[in-house]
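Every read-out reported here was derived from the displayed coordinates using simple, explicitly stated rules and does not represent laboratory data. A quick note: this is a predicted structure, and the numbers were derived from the prediction, not measured. Ideal geometry is used to build each Cβ from the backbone, glycine not excepted, and the neighbour counts take in all protein chains shown.
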Amino acid sequence: MSRKPQQGPLQGIRILDLSRLLPGPLATQMMADLGAEVIKIEDPKAPDYTRFFPPQKGSQSIFYLSINRSKKSVTLDLKSEEGKRQFFELVKTADIVVDSFRPGVLQKMGIDYESAKQHNEKIIYVAVTGYGYNGPYMQKAGHDLNYIGYAGILGLTGDEEKPVIPACQTADVAGGSYPAIVACLSALWARERTGKGQFVDVAMTDCVMPLLSMQMGELLNAGLNPKRGTPMLSGGMANYNVYKCKDEKWIALGSLEPKFWQGVCMMLGKPEWVPRMMPVPDMVKALKKDLQDIFLTKTRDEWVAAADGFDICLSPILELDEVPNDPHVQARDMFFEVEHADYGRIKGVNQPFKFSETPAQPSWGAPLMGEDNDLLKDLPS
């Protein structure tokens with residue numbers, strides 16, 4: 001398939017992508033969108049199984065298509081000597097290898113960092129795993145839900161009745177994809193200064209824990225151990241909460257600072273409510289009820305319109321199918337469409353960074369398996 005040249009700040013960086021599922025592939029897609037040459041390497045007999053997840057568009061999984069665009073694809077049997085030889089030839093020309101296997105797997109295959117740096121001492125390996133390369137959980141199976149469970153996030157998410165599963169994969173993305181990008185770029189800058197590559201251990205459980213920096217700081221230094229649903233920013237305040245409206249839709253009220261809360265009271269015609277902002281449990285409970293009662297008198301969009309003349313941090317809670325039509329999302333070009341000769345046009349979330357001098361955007365659709373195997377023909381034999 002013909003492809004337009006990539007553009008963006010990471011032009012000239014070559015990444016070998018051994019990762020599967022969500023965290024690694026999303027990270028490498030974002031770097032590919034930013035101009036890096038990403039070569040996805042798969043076993044021809046056991047490829048990335050997201051290719052087969054439902055629903056599908058043509059012969060390809062929409063899941064796979066959504067997190068593998070702008071990449072190239074080659075197939076290698078890394079258990080064979082010829083496959084390893086070809087892999088190491090690619091390593092000689094690469095800057096970074098990203099993998100998501102459990103610790104020890106690549107070592108058993110003979111393609112781990114220590115083996116690779118014999119062929120390229122400047123190579124950088126970024127390993128994205130659930131629990132990292134040491135510790136008692138190192139070899140435990142896990143998914144996003146397990147990692148946020150260990151990190152304390154799941155224990156604080158929800159209400160007094162039970163934890164609530166987040167709508168998105170928090171550890172996979174916030175603890176995996178984005179930290180993997182930070183790791184890649186940090187190691188590249190370190191190599192620029194030292195001339196040496198290195199191995200970077202990115203554990204999703206570790207990397208999601210900074211999301212609780214404030215709560216952990218209060219626990220470790222002040223002994224504060226809040227119950228689920230009671231922290232100030234997690235349901236413990238009436239003026240920082242969510243409310244149902246007349247049409248069964250919801251609004252988010254984020255009037256945390258006094259000036260915003262005063263604006264809310266003015267909008268509601270309740271100036272006498274201004275002193276009720278204090279986070280005293282009984283007062284909070286009563287204020288939540290009063291706010292809920294009043295917000296049930298109008299539809300969500302009516303409340304959004306009413307708030308338009310006030311600076312009060314009130315916004316609609318959009319359903320997923322409403323997001324693409326939001327005018328601000330559209331103005332920010334947060335959706336993009338790419339085309340592929342075999343599966344047609346596919347829409348997805350655009351890369352989110354706006355560069356003034358090195359603009360970047362998705363280059364092409366996710367590749368078919370082995371679509372770029374011609375790259376292997378150019379390797380030394």
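Quick notes
- Helix axis angle, 258-268 relative to the chain longest principal axis, alpha carbon, degrees: 60
- Förster radius 30 Å - calculated FRET efficiency between E82 and A341 (Cβ-Cβ, nearest 0.05): 0.50
- Filtered trypsin sites (Lys or Arg not before Pro), the range 308-381: DSSP coil and at most 14 other beta carbons within 10 Å: R332, K354
- A simple packing score, the average count of other Cβ atoms within 10 Å per residue, orders the peptides 261-267, 174-180 as 174-180, 261-267, with the highest score first.
- Cα long-axis angle, helix 81-93 against the chain (0 to 90 degrees, to the nearest 10): 70
- 3J(HN,Hα) couplings calculated from phi for the range 103-117 with the Karplus curve 6.51 cos²θ - 1.76 cosθ + 1.60 (θ = phi - 60°) are, in sequence order, x, x, 5, 5, 5, 4, 7, x, 10, 6, 4, 4, 6, 5, 6 Hz; Gly and Pro show x.
- Scalar couplings 3J(HN,Hα) for the range 31-40, obtained by applying the Karplus form with A = 6.51, B = -1.76, C = 1.60 to θ = phi - 60°, are 6, 5, 4, 8, x, 5, 7, 10, 10, 7 Hz; x denotes Gly and Pro.
- Cα Rg, Dmax (largest Cα-Cα span) when computed across the range 1-107, Å: 13.9, 38
- Here the calculated FRET efficiency for A222 and H328, from their Cβ-Cβ distance with R0 = 30 Å, stands at 0.20, rounded to the nearest 0.05.
- Extending 7 Å from Cα along the Cβ direction at E257 and again at D159 yields two label points whose distance is 3.1 nm.
- Of the peptides 156-163, 251-258, the ranking by mean beta-carbon count within 10 Å, highest at the top, reads 251-258, 156-163.
- Reachable lysines from K162, criterion Cα separation under 28 angstrom, eight or more residues apart if same chain: K140, K227, K244, K246, K249, K285, K288, K289
- Packing rank of 43-51, 25-33, 237-245, where each peptide gets the mean count of other beta carbons within 10 Å, highest leading: 25-33, 237-245, 43-51
- The chain - share of DSSP beta bridges that are antiparallel (%, nearest 5): 50
- A DSSP coil position with no more than 13 other Cβ atoms inside 10 Å describes the following GluC sites (Glu not before Pro) in the range 270-322: E319.
- Using θ = phi - 60° in the Karplus curve 6.51 cos²θ - 1.76 cosθ + 1.60, the 3J(HN,Hα) couplings for the range 45-51 round to 9, 9, x, 4, 6, 5, 4 Hz; x is entered for Gly and Pro.
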